[in-house]
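Chemist: I am attaching a structure below and will ask some questions about it afterwards.
The values are calculated or read from the model by the stated rules, or taken from the named source; none is laboratory data. Just so we're clear, the structure is a prediction, and the values are computed from it rather than from any experiment. Here the Cβ positions follow ideal geometry from the backbone for every residue, glycine too, while neighbour counts run over all protein chains shown. Only protein heavy atoms, including side chains, enter the accessible area calculation; ligands, DNA and RNA are left aside. Shrake-Rupley method; radii C 1.70, N 1.55, O 1.52, S 1.80 Å.
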Amino acid sequence: MNTVILSPRLGAMAGIAGSVFFAIMWTAAVFADGSWHLGEMTLSELGDRSRSGHLLFNTGAMVTGILSLLFSVGLYKVLSPGIIGRAGAAMMGLASLLLIGVGLFPIDTGTPHTVVSLSFFGIAALAMVLFIVPFARSYVFHPSMAMFTAFLLLVCLVGAAILKLPGLEALAVGCLLLWMFVVSIRMMWHHPAR
């Protein structure tokens, strides 16, 4: 039982489910809100409890955070031989807890939201940096996943130079969702059902 709960395959399924679920909930919150505009408003504004889509957005953040924790455990299991891979997985696990915090402390809570939101983005980015070398050395992830991770980080760095905060935040979230989905597919490919 414990092996199933902590398996890379379960982590991969959680990563796929989490990335798709958040994309759906984000989109649903935008439609329910009706006045949110991509690139002009932060994603967090969808979670403001005075807005009509707040339950969708905040639920999306919390559920995706929980699924991301399982994804992080799967990464830890696959990358456990190396300390850098374990550190990256632990950092991604911490980012997952912070994502839950984004849903628990929406933007209208003020400072608590700012702390969990900024910490989430910083720690998730650091985790992705830490994954580059272990991915390159892993038979599961292959150097292509290392290059993909580095490419998405570069896209976000370029975005930081040319976009305002709302646009950068949306870009970063989109890149993170895509990264989690693709990494999960790769992990699933190497850990088929028994």
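Chemist: Only residues of segment 125-141 count here: report those whose backbone N is under 12 Å from the spot 7 Å along Cα→Cβ of Leu157, or say none.
Modeler: Flagged as within label range: 129.
Chemist: For the ranges 162-174, 10-22, 41-53, what's the packing order if you count other beta-carbon atoms within 10 Å of each residue, average per peptide, and put the highest first?
Modeler: Going from most to least packed, we get 10-22, 41-53, 162-174.
Chemist: Could you work out how far the C-alpha centroid of segment 133-194 sits from that of segment 17-31, in angstrom?
Modeler: That distance is 18 Å.
Chemist: [x] 181; [y] 108; [z] 130: which one is volume of the Cα convex hull per residue in Å³ as calculated from this entry?
Modeler: [y]
Chemist: Please calculate how many Å² of accessible area the chain carries per residue, with a 1.4 Å probe and no DNA, RNA or ligand atoms counted.
Modeler: Solvent-accessible surface per residue comes out at 49 Å².
Chemist: Which order do peptides 24-36, 91-103, 64-76 fall in by mean Cβ count within 10 Å, highest first?
Modeler: 64-76, 91-103, 24-36
Chemist: In deg cm²/dmol, rounded to 500, what helix-only [θ] at 222 nm does the chain give when every DSSP H run of at least 4 residues adds -39500 (n - 2.57) and the total is split over its residues?
Modeler: -27500 deg cm²/dmol
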